Amino acid sequence: MDSSEQTLPIPAATPQTASTAAVPQPRYNIEYFHIYTDETIEARHKEGLDSLKAIQQSWSFKYDKIVLIDNYNPVEHTTTANDVLAYLKQEDMLPDFWAYEGDMIENAKIFLDSIDDSKLKRSYIRYIENKGKYPCSLLTATWYLTRLGRFDTTVIKSTDDKQYTPAKRLFNLLPEDYKPVEDRASELILNSSYAADADKIQDLFYPVTAGRSLDLF
């Protein structure tokens, strides 16, 4: 997984000749908004929207927008998916797809079994047994692989009755203090049977904090 604070690369245009016109183009998937269900929407949550609005002006390729709503870590829930989607629609940034982090658990169990590094795998199993929950890095890695179509994608919901099509490449716009979690998620993917997918994931960090302590592990 590449981490960069630079403008996302623009895929080279492919001439539409007779030999290439029928070739499917890569499908990109952009995540750009992060919120927990015990939070209220405020200025720092808008940074991802503003970042995407700024950089998408230079993009000439098609992509899907996607949002993950964390309903897994909070104990109390004050913001619903409907609240989030209504806000994003108001900002003219409604995603094509969205999901709840709590719905990643079954996929995370499958991913955990795929980890090749026995020491790393045992450390996560012990954490889950001791804490009674799955850590952010494991769920993040699972979320990315789910978007790439490696696990059950029915956990991903559409805002327009469309069926989710697995992406060929992921871009993630994130608060800069998510980087330790992203690095750990990358380590997990690289030490699993899905290691080849690590190069299909790119992070772009913007200078704002998540506003909370992240359960890294």
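The values are calculated or read from the model by the stated rules, or taken from the named source; none is laboratory data. The structure presented is a predicted model; accordingly, all values stated were derived computationally and were not measured. Counting neighbours? That spans all protein chains shown, and the Cβs are built from the backbone with ideal geometry, glycine included.
Among the residues of the range 14-58, how many are out of contact with any helix residue (DSSP H, G or I) (no Cβ under 8 Å at 6 or more places or on another chain), part of a loop (DSSP other than H, G, I, E, B), of a type outside the set (Val, Ile, Thr) and modelled with pLDDT of 80 or more? Count: 3.
Restricted to the range 72-91, and to residues there that are within 18 Å of the chain's Cα centre (by Cα) and of a type outside the set (Ser, Thr, Tyr), the residue that is nearest to THR159 (Cα to Cα) is LEU85. Scanning the range 102-159 for residues that are assigned to a loop (DSSP other than H, G, I, E, B) and basic (Lys, Arg), we see that the one that is surrounded by the fewest Cβ atoms within 10 Å (Cβ to Cβ) is LYS133.
Pairing residues of the range 53-82 that are exposed (fewer than 11 other Cβ atoms within 10 Å of the Cβ) with residues that are modelled with pLDDT under 90, at Cβ distances under 9 Å and at least 6 apart in sequence or on separate chains, gives SER58/THR7; SER58/LEU8; SER58/ILE10; SER60/ILE10; SER60/PRO11; SER60/ALA13; LYS62/GLN25; LYS62/ARG27. Each residue in the range 64-91 was checked for being closer than 21 Å to PRO175 by Cβ and part of a strand (DSSP E or B), and 6 of them qualify. Could you please let me know if ASP92 is surrounded by 18 or more Cβ atoms within 10 Å (Cβ to Cβ), among the acidic types (Asp, Glu) and under 23 Å from ALA167 (Cβ atoms)? Here the answer is no, as ASP92 does not meet what is asked.
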